[in-house]
Amino acid sequence: MILKKIALFTAFIMIITSFSFAAEVAKGKTIRLEMYTGSVEVKSGSGKEISATEKMRVFDGYTVKTLSDSEAYFSLDDTKAVKLGANTEIKIKKSWFSNKIAVISGELFFNVTKPLGSNESLEISTPTMSMGIRGTSGCVIVNDKGAKAQIYTGKVEGS
């Protein structure tokens, strides 16, 4: 099952890296809901419900939730992507060079194919941990038993 998910996620990465969003996505400035299956709920920072559409931009403060039998694929630029599994909820926190994704519940797969520059950051957090992603692929899982991270490529460095 994990290999199937990795294969699908890798295929998605190959698709988004074939597109060039040029200046708009330089250094991860834009997060887009590239595609999804099933039902996806999106709320603005003020709590307003927004209809999910493919290629829509997701801004600071947005909450995104996939329902059962649903998945959502996001691009942060041509070298960074995340996928939400079924029954997953995240909150986006953005600034000019920083993208933070708080995983509230569920599974988030991430893939950063090129190491981030010194002025970029991608942080994935849960209620019990936080990770800075530099050039790695893996998964973060949050459920009623707690949170865990699985690294598929790259390495973990402590500080």
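The values are calculated or read from the model by the stated rules, or taken from the named source; none is laboratory data. Note that this is a predicted model, so its numbers are computed, not measured. The accessibility values were calculated without ligands, DNA or RNA, using every heavy atom of the protein model including side chains. Shrake-Rupley method; radii C 1.70, N 1.55, O 1.52, S 1.80 Å.
In table form, for the structure just shown:
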| read-out | value |
| --- | --- |
| Table column - 3J(HN,Hα) (Hz), the range 143-151, Karplus curve with 6.51, -1.76, 1.60, x for Gly and Pro | 9, 5, 8, x, 10, 8, 10, 10, 9 |
| The range 27-130 - share of DSSP beta bridges that are antiparallel (%, nearest 5) | 85 percent |
| Accessible surface ranking that places the most exposed of VAL156, VAL103 first, with a 1.4 angstrom probe | VAL156, VAL103 |
| Where only alpha carbons of the range 74-159 are counted, the Rg and the Dmax (Å) | 12.1, 35 |
